[in-house]
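The values are calculated or read from the model by the stated rules, or taken from the named source; none is laboratory data. Keep in mind that what you see is a predicted model, and the values were worked out from it rather than measured. Positions of Cβ are backbone-derived with ideal geometry, glycine not excepted, and every protein chain shown enters the neighbour counts. Each accessible area value is taken on the protein alone, full model and side chains, heavy atoms only, with ligands, DNA and RNA left out. Shrake-Rupley method; radii C 1.70, N 1.55, O 1.52, S 1.80 Å.
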Amino acid sequence: RRLRCLSFHFSVYSSELQTSERGEAESAGRWMRVLAPCEKRDLKGFKQLFHRFLQVKGPSVDWAKINRPPEDSIQPYERIRSRALPEGVASSLNKLAVVKLNGGLGTSMGCKGPKSLISVRSENTFLDLTVQQIEHLNKTYNADVPLVLMNSFNTDEDTKKILQKYTHHRVKIYTFNQSRYPRINKESLLPVATSMGLTGENSEAWYPPGHGDIYASFHNSGLLEQLLAQGKEYIFVSNIDNLGATVDLHILNHLVSQPAETRCEFVMEVTDKTRADVKGGTLIEYEGKLRLLEIAQVPKAHVDEFKSVTKFKIFNTNNLWISLPAIKRLHKQNAMDLEIIVNPKTLNGGLNVIQLETAVGAAIKSFDNALGINVPRSRFLPVKTSSDLLLVMSNLYRLEAGSLTMSEKREFPTTPHVKLGSSFTKVQDFLRRFESIPDMLELDHLTVSGDVTFGKQVALKGTVIIIANHGDRIDIPAGAMLENKIVSGNLRILDH
């Protein structure tokens with residue numbers, strides 16, 4: 001294994017970088033010490049990714065070659081939904097497995113451990129809701145749809161502990177781990193890690209390399225072959241924090257009802273872009289193929305054009321339907337060419353590093369008969385911030401069998417724009433500031449900034465802006481109804 005790592009260094013790193021002899025020897029030693037204990041498969045994946053990174057110069061796309069996708073390559077969901085479902089829905093479901101991307105931590109929301117274990121609605125976590133959804137499908141249609149979790153080294157241990165609570169649910173649950181790669185010093189291009197350890201000086205030295213790693217890690221885990229042996233033909237992949245990403249029977253029926261020779265191997269769900277989504281990846285036609293274009297690939301001179309809502313009207317929800325036999329074929333042929341995303345980070349000590357990542361949707365260009373489906377916005381309901389959390393906890397949505405749907409009492413289908421200030425960032429602070437979640441059925445826009453708390457049974461309607469300046473505090477009293485109001489200054493109700 002040490003020989004393999006040393007071979008890796010000299011064949012990839014030393015040959016690509018023009019360093020001094022002393023620097024080259026030092027580089028070789030560092031790479032060998034860090035990567036010697038690596039898993040063979042992780043090492044191979046990182047070697048390929050790093051090699052390509054050193055070779056690629058400039059943007060990965062030629063802007064002049066970018067075209068809008070052909071009309072028939074992105075179909076409206078209404079057309080898919082208009083086809084009646086066959087009576088044998090269970091036979092279609094039995095060809096499906098659900099894969100949730102579960103590698104992320106809850107640190108951005110002030111929580112420790114996997115993000116999937118944060119409570120989001122009625123004491124249910126993301127994982128609870130996912131299990132409930134699939135169990136409901138299996139019971140309703142007498143089907144056998146398994147749940148597969150792609151964990152990272154950050155989430156695997158805690159996730160496996162919690163899975164014991166689902167032992168008696170009608171859902172088979174499998175897990176596999178995505179790879180673990182070393183962060184790289186931006187200046188020297190040497191690994192930050194001094195060993196394989198995850199504590200002390202190495203606590204920030206490693207990272208999971210993005211969800212594009214799913215193809216190799218899924219194959220290497222043996223789960224791909226296992227699911228194929230069970231008769232599974234497709235996986236439905238989505239982020240576990242997207243509460244709108246539920247199994248859609250119409251999309252599944254569209255996939256499995258096609259003739260084998262023209263069967264779609266990859267479906268990407270897209271939805272109409274708003275000004276809040278300008279950084280989201282979009283579908284383009286590039287050199288005759290449907291392709292995902294991410295903002296990181298766009299030349300700086302064209303970033304504003306990429307963000308345009310008029311030119312690029314849709315964005316990727318990261319809800320993907322992918323053929324299992326096709327994944328096996330492409331992996332065997334080593335034919336998945338995923339664009340590298342260079343993600344710059346600054347560690348706690350101030351060191352600038354880069355991590356090399358890939359995106360699962362970038363593989364769309366490698367699959368036959370790939371298709372985009374323009375789905376309703378309701379299928380994209382991510383919870384990334386406390387502002388998102390307020391929406392999904394409110395009476396805007398009703399919860400049924402693990403799925404959230406917009407309340408019928410809401411007169412218009414659009415979601416309010418909510419922006420909570422930094423005092424609400426951490427989940428524990430967010431919960432402390434609401435005695436109960438306000439009535440938001442008639443809300444259009446909410447902005448809250450500063451030291452603000454809400455009493456019980458508050459109603460918010462229209463546009464509401466609440467700003468407590470530095471040193472001030474605003475307590476919205478219980479039972480208050482704010483409609484098209486701006487509240488600022490100081491407002492505090494004291495008990496006596």
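I need a count of the residues in the stretch 197-208 that are buried (at least 20 other Cβ atoms within 10 Å of the Cβ) and either in contact (Cβ under 8 Å) with a residue 60 or more places away in the chain or touching an Asp or Glu at 6+ places or on another chain (Cβ under 8 Å) (or both). Outline the logic, then answer.
Step one: of the stretch 197-208, the residues buried (at least 20 other Cβ atoms within 10 Å of the Cβ) are 205-208.
From what is left, the residues that are either in contact (Cβ under 8 Å) with a residue 60 or more places away in the chain or touching an Asp or Glu at 6+ places or on another chain (Cβ under 8 Å) (or both) are 207-208.
The total comes to 2.
Please go through the stretch 145-163 and pick out each residue that is assigned to a helix (DSSP H, G or I) and open to solvent by less than 10 Å² (accessible area, probe 1.4 Å). Can you show your working first?
Looking only at the stretch 145-163, we keep the residues that are assigned to a helix (DSSP H, G or I), and these are 156-163.
THR159, the sole residue that qualifies.
What are the residue pairs meeting all of these: first residue in the stretch 169-196, first residue within 22 Å of LEU351 (Cβ to Cβ), second residue aliphatic (A, V, I, L, M) and open to solvent by 50 Å² or more (accessible area, probe 1.4 Å), Cβ atoms under 8 Å, and 6 or more apart or on different chains?
ASN185/LEU351; VAL192/LEU351
Just need a number here: residues in the stretch 257-277 that are outside any loop (DSSP other than H, G, I, E, B) and either in contact with a strand residue (DSSP E or B) (Cβ under 7 Å, 6 or more places away or on another chain) or open to solvent by less than 20 Å² (accessible area, probe 1.4 Å) (or both).
Of the residues in the stretch 257-277, 8 are outside any loop (DSSP other than H, G, I, E, B) and either in contact with a strand residue (DSSP E or B) (Cβ under 7 Å, 6 or more places away or on another chain) or open to solvent by less than 20 Å² (accessible area, probe 1.4 Å) (or both).
Only residues that are outside any loop (DSSP other than H, G, I, E, B) and within 19 Å of LYS44 (Cβ to Cβ): list them for the stretch 188-210, please. Show your work before the answer.
So in the stretch 188-210, the residues outside any loop (DSSP other than H, G, I, E, B) come out as 191, 200-202, 206-207.
Within the stretch 188-210, PRO191, TRP206, TYR207 qualify.
Report yes if THR246 is of a type in the set (S, T, N, Q), part of a strand (DSSP E or B) and buried (at least 21 other Cβ atoms within 10 Å of the Cβ), otherwise no.
Working: of a type in the set (S, T, N, Q): yes; part of a strand (DSSP E or B): no; buried (at least 21 other Cβ atoms within 10 Å of the Cβ): yes.
So THR246 fails the test.
When only residues in the stretch 72-127 that are open to solvent by less than 20 Å² (accessible area, probe 1.4 Å), polar (S, T, N, Q) and out of contact with any Gly (no Cβ under 9 Å at 6 or more places or on another chain) count, which is farthest from PHE430 (Cα to Cα)?
Only one residue tops the list, namely SER92.
Need at least 3 residues that are open to solvent by less than 20 Å² (accessible area, probe 1.4 Å) per element, so show me which strands (runs of 3 or more DSSP E) inside the stretch 318-421 make the cut, counting only ones lying wholly within it. Let's see the steps before the verdict.
Details: elements: 341-346, 352-357, 371-374, 397-400, 403-406, 417-420.
Qualifying strands (runs of 3 or more DSSP E): 352-357, 371-374.
Considering the stretch 285-302 alone, what residues qualify as being in contact with a strand residue (DSSP E or B) (Cβ under 8 Å, 6 or more places away or on another chain), part of a strand (DSSP E or B) and under 18 Å from GLY212 (Cβ atoms)?
TYR286, LEU290, ARG291, LEU292, LEU293
Residue-wise test of (1) in contact (Cβ under 8 Å) with a residue 60 or more places away in the chain; (2) surrounded by 17 or more Cβ atoms within 10 Å (Cβ to Cβ).
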| residue | (1), (2) |
| --- | --- |
| GLN428 | yes, no |
| VAL448 | no, yes |
| PHE454 | no, yes |
| GLN457 | no, no |
| GLY462 | no, no |
| ASP472 | no, no |
| PRO477 | no, no |
| GLU483 | no, no |
| SER488 | no, no |
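Within the stretch 303-317, which residues are open to solvent by 40 Å² or more (accessible area, probe 1.4 Å), in contact (Cβ under 8 Å) with a residue 24 or more places away in the chain and part of a helix (DSSP H, G or I)?
If the condition is that a residue be open to solvent by 40 Å² or more (accessible area, probe 1.4 Å), in contact (Cβ under 8 Å) with a residue 24 or more places away in the chain and part of a helix (DSSP H, G or I), then LYS307 is the only one that fits.
Looking only at residues that are over 21 Å from LYS47 (Cβ atoms) and part of a helix (DSSP H, G or I) in the stretch 211-232, which one is farthest from the chain's Cα centre (by Cα)?
The first filter runs over the stretch 211-232 and keeps only residues over 21 Å from LYS47 (Cβ atoms), leaving 222-232.
Applying the additional criterion that residues be part of a helix (DSSP H, G or I) yields 223-229.
Working: LEU223: 21, LEU224: 21, GLU225: 25, GLN226: 25, LEU227: 23, LEU228: 25, ALA229: 28 Å.
Result: ALA229.
Which of the numbered conditions does THR282 fail, given that it passes all the others? Conditions: (1) touching a residue at least 60 places away in the same chain (Cβ under 8 Å); (2) closer than 18 Å to ASN319 by Cβ; (3) open to solvent by less than 20 Å² (accessible area, probe 1.4 Å).
Of (1) touching a residue at least 60 places away in the same chain (Cβ under 8 Å); (2) closer than 18 Å to ASN319 by Cβ; (3) open to solvent by less than 20 Å² (accessible area, probe 1.4 Å), only one is false for THR282: (1).
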